[in-house]
Amino acid sequence: MPKNIVTREEWLNLGLMLLNQEGKSALVVEKMAKLLGVSKTSYYWYFKTRHDFLFELAEYWVKKGTKSYIEASEKYKSNKEKLYHLTKSVFIQGHSLNSIRFWREIAKENSAIESIVKRVEIQRMEYIQSLLISEFNVYEACHRADMLYHYFLGWSERHQGTVLDESDFNLIWNNIIEPMIKKEDCHST
């Protein structure tokens, strides 16, 4: 009978999925190996220790849950289009990768992970702020970026497992996000 061979990325994909669904207690080598249909040896081929696995998993999460969304939004011209497509992708697909709560728990025990989590949150906030800076002063752009980011975190926590389509997202965009990022006209009555 041929042996199953899994890649480092398959271990990381599974780890990220389990972390998002069940938290850090789900990251048990035996459980993951069984789900992948391999022995524990496969895990140790790629990751010498749990610390190594968590560090690589955190970097993988950054790539999948932050960098890829920012890069995808950059193909649009205006900052508003970039923000629309960024938030659309994050709300429709990305909230399943929003394991920030679990990463914060892990960060309490692991300074390397703590640095990654801080870096991710700063990167996310600064990117949103950069998209708002053309409409607002630095303080206001920072404040609105903070509100938008924390709205997403709260929404994704409350709606874990919820699947959105584009029309669902457009309701969120039109009723919550767009008013949050819209510069108020001082002359309106």
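Within the range 121-142, residues that are farther than 18 Å from S68 by Cα reach partners that are small (G, A, S) and assigned to a helix (DSSP H, G or I) with beta carbons closer than 7 Å, at six or more positions or on different chains, in the pairs L132/A141; L132/A145; I133/A141. Before we move on, is E135 outside any loop (DSSP other than H, G, I, E, B), of a type in the set (D, E, K, R), at negative phi and more than 21 Å from the chain's Cα centre (by Cα)? In short, no. Evaluated against (1) surrounded by 12 or more Cβ atoms within 10 Å (Cβ to Cβ); (2) of a type in the set (A, V, I, L, M, F, W, C); (3) not in a helix (DSSP H, G or I), I5 falls short on exactly one condition, (1). Regarding W155, is this residue of a type in the set (F, W, Y) and modelled with pLDDT of 95 or more? The answer is no for W155. Of all the numbered requirements in (1) at pLDDT below 95; (2) farther than 19 Å from L153 by Cα, F53 misses one, and that requirement is (1). Of all residues in the range 26-58, those satisfying the criterion of being in contact (Cβ under 8 Å) with a residue 40 or more places away in the chain and either surrounded by 16 or more Cβ atoms within 10 Å (Cβ to Cβ) or in contact with a Phe, Trp or Tyr (Cβ under 6 Å, 6 or more places away or on another chain) (or both) are F53, L54, F55, E56, L57, A58. Within the range 158-189, the residues that satisfy the criterion of being surrounded by 10 or more Cβ atoms within 10 Å (Cβ to Cβ), assigned to a loop (DSSP other than H, G, I, E, B) and modelled with pLDDT of 85 or more are L164, K182. Considering only residues of the range 10-25 that are without any contact (Cβ under 8 Å) to a residue 24 or more places away in the chain and surrounded by 17 or more Cβ atoms within 10 Å (Cβ to Cβ), which is farthest from W45 (Cα to Cα)? Only one residue tops the list, namely L18. Take the conditions out of contact with any Gly (no Cβ under 8 Å at 6 or more places or on another chain) and of a type outside the set (G, A, S) and apply them to N4. Does it pass? The answer is no for N4. Determine, yes or no, whether L86 is surrounded by 15 or more Cβ atoms within 10 Å (Cβ to Cβ), farther than 18 Å from L54 by Cα, under 12 Å from the mean Cα position of the chain (by Cα) and touching a residue at least 40 places away in the same chain (Cβ under 8 Å). Spelling it out, L86 is indeed surrounded by 15 or more Cβ atoms within 10 Å (Cβ to Cβ), farther than 18 Å from L54 by Cα, under 12 Å from the mean Cα position of the chain (by Cα) and touching a residue at least 40 places away in the same chain (Cβ under 8 Å). Quick one: is L35 under 29 Å from Q129 (Cβ atoms) and not polar (S, T, N, Q)? So L35 fails the test. Only residues that are more than 26 Å from Y84 (Cβ to Cβ) and under 19 Å from the mean Cα position of the chain (by Cα) were counted in the range 109-132, giving 7. The set of residues in the range 135-165 that are among the small types (G, A, S) and touching a Lys or Arg at 6+ places or on another chain (Cβ under 9 Å) contains only A145.
The values are calculated or read from the model by the stated rules, or taken from the named source; none is laboratory data. If you're wondering where the values come from, they're calculated on a predicted model, not measured in any experiment. Backbone-built Cβ (ideal geometry, glycine too); neighbour counts: all protein chains shown.
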